[in-house]
């Protein structure tokens, strides 16, 4: 995609240069801190009944039900001690053949080798008091490659409640979704989205049918998780029915995968499960955060994006490598992700450094405009939002009206609860997700192709409304707010996403004065439908006639100079070509 990427590239290079002195010092200091893959971790922020275990890549693991036959791996003595204390569970709920296929596809698309997901397991410990003994047993095994504690789930804290659904409007802190709907008549059709978190209220009156992937999700926080997921879905897919709220992409197909199932907290499995059920261009939203090195153990201070944990990062990369777009909350931990503490330890895994990106779109939280109930300068950083090079774009982190909680409206019971103050990177990330769905849907509809994860990231950055300086200046980087109208104008103007790479059409002359011909390249094929739209997405008046030999003549009525898009259906496939009209 030729999306003025030079600007984005230069921006990244400049930021990379600014970090270079810090990175060099960190790498020198870190040489003595990074151990082998069987690392010693601070147990703060990690579960005491669960351990991540990875065996070497590309070697068969004899897994039978809850147990791995360790005798086949030369570890008979280990099995005797280990299986009295717990059992193994697969990380990924996807067939081995499908996982292998996904890995090969991702490696081809990304141009690099990826870890083997078929060798990843969790060991579930019956008694937490055995945690240290089990960890030591696993670390002593020559058959095991990696042993890691597993992050614990963190509750989503309910926000303060304020005013209306301004994030979809043309306001200074809105993404211009209403203009997009009115201009293009598109609300996310033909694209799937999966929210991964604890739960949601499937019976809410403002929801369509939402498909649950995997096991039954459980809310470990007695209701808060349900309200949280309900709020997230309300921003994205609440019904366009004239009552309650209206989702940014209300016509997209909604899915949910639980982050806490069968008493196990896991994101890697749900990510690969969703990706295996999705098509290229579909979207996964990660509404979670985990403890980083600075977590205090109380509140949200020190919580970071989930890709800080290497197994979750690997699953994200696998999904992105299969051209599934991943949107990830930056977290509410008040952290500078460029700080030296994120460039050392962690087993040598530094996803927030330049060059370490997972390919996910990481979303920070910005202020809403005061006219919408915001607390500061619109699009400036909210005080709690994590920030830094790794944070790509922002959404509204306050004053978001959506489904759930009940502080705005509750008279009809929990199935009709609404709030006008959903907040955090939790409220910001669905806004960005909605923007992604609209752009992907419209692009698929007009070209038959998809916007890839990297293309989408570049598009949002290049065309978004810039971050503003408020209480926190621009050094607290959270990126721009998406602007879906500006983004699609850029696409339509031919500055961004390419047309069909295997287009069956030839248009000539092009440019023209409004009278041009369309040639179907392959013999014996006919055009079954034709539309012509201007840069605003409006159909224009024209006449079309077949002249023979696969050639059609098109004549615009009252042509105006500009860029148009011709979409033709040939042999059941849609092809889009740009048409330039000159005076």
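With the contact rule set at Cα under 8 Å and sequence spacing of 6 or more, what percent relative contact order holds for the chain?
The value is 14 percent.
Take each peptide in 460-469, 77-86, count the other Cβ atoms within 10 Å of every residue, and average; sorted highest first, the result is 460-469, 77-86. For residue 415 and residue 538, the FRET efficiency from 1/(1 + (r/R0)^6), where r spans their Cβ atoms and R0 equals 51 Å, is about 0.85. Taken over segment 289-443, the alpha-carbon convex hull comes to 147 cubic angstrom per residue. The slack between residue 547 and residue 67, meaning 0.36 nm per residue of separation minus the straight C-alpha distance, is 165.8 nm. Label separation (residue 48 vs residue 98): 3.7 nm, computed from points 7 Å beyond Cα along the C-beta direction.
Here the relative contact order of segment 398-547, from alpha carbon pairs under 8 Å that lie six or more residues apart, stands at 13 percent.
With the contact rule set at Cα under 8 Å and sequence spacing of 6 or more, what percent relative contact order holds for segment 345-478?
About 28 percent, as a whole number.
Length gain on complete extension for the stretch residue 515 to residue 76, per 0.36 nm per residue less the alpha carbon to alpha carbon distance? Each step should come with its number before you reach the end.
Values: separation 439, 0.36 × 439 = 158.04 nm, distance 7.94 nm.
Additional length available on full extension: 150.1 nm.
Each eigenvalue of the Cα gyration tensor of segment 386-532, multiplied by 5 and square-rooted, gives one semi-axis; in descending order these are 41, 22, 12 Å.
Working from label points 7 Å from Cα in the Cα-to-Cβ sense, the residue 582 to residue 127 distance is 8.5 nm.
The calculated FRET efficiency for residue 182 paired with residue 296, based on their beta-carbon distance and R0 = 51 Å, is about 0.65.
This ranking places 491, 325, 507 by how few other beta-carbon atoms lie within 10 Å of each, fewest first, which gives 507, 491, 325. Neighbour counting of Cβ atoms within 10 Å sorts the residues 427, 545, fewest neighbours leading, into 545, 427.
All C-alpha to C-alpha distances of segment 505-581, sorted into 10 Å bins beginning at zero, yield P(r) values of 19, 58, 21, 1 percent in whole numbers. Helix 310-321 axis versus longest C-alpha principal axis of the chain: approximately 20°, rounded to the nearest ten.
The modelled label-to-label distance for the pair residue 84/residue 203, using points 7 Å beyond Cα in the direction of Cβ, is 4.7 nm. Residues of segment 556-583 with an amide N closer than 18 Å to a point placed 7 Å from the Cα of residue 508 along the Cα-to-Cβ direction: 577-581. Computed per residue of the chain from DSSP H runs no shorter than four, each worth -39500 (n - 2.57), the mean residue ellipticity at 222 nm is -8000 deg cm²/dmol. Oblate is the label for segment 396-474, because a/c, from the alpha-carbon gyration tensor with a ≥ b ≥ c as root eigenvalues, is 1.5 or above and a/b does not exceed b/c.
Between the beta carbons of residue 524 and residue 555, assuming R0 = 25 Å, the FRET efficiency works out to 0.45 to the nearest 0.05. For Rg and Dmax of the Cα atoms in Å, one of (1) 25.3, 85; (2) 23.6, 73; (3) 33.3, 119 was computed from the structure I shared and the rest are decoys. Which label? It is the one labelled (1). Principal-axis analysis of the Cα atoms of the chain puts helix 453-463 at an angle of about 60° to the longest axis.
Values of log10 I(q)/I(0) for segment 46-151 across q = 0.13, 0.15, 0.23 Å⁻¹ run -0.49, -0.63, -1.27, by the Debye formula with one identical scatterer at each alpha carbon and no solvent.
Exposure proxy ranking for 276, 358, based on other Cβ atoms within 10 angstrom of each Cβ and starting from the fewest, stands as 276, 358.
Read-outs throughout are calculated quantities, based only on the coordinates presented, and are distinct from any laboratory measurement. Everything numeric here is computed off the predicted structure, so don't read it as measured data. With ideal geometry, Cβ positions are generated from the backbone for all residues, glycine too; neighbour counts draw on all protein chains shown.
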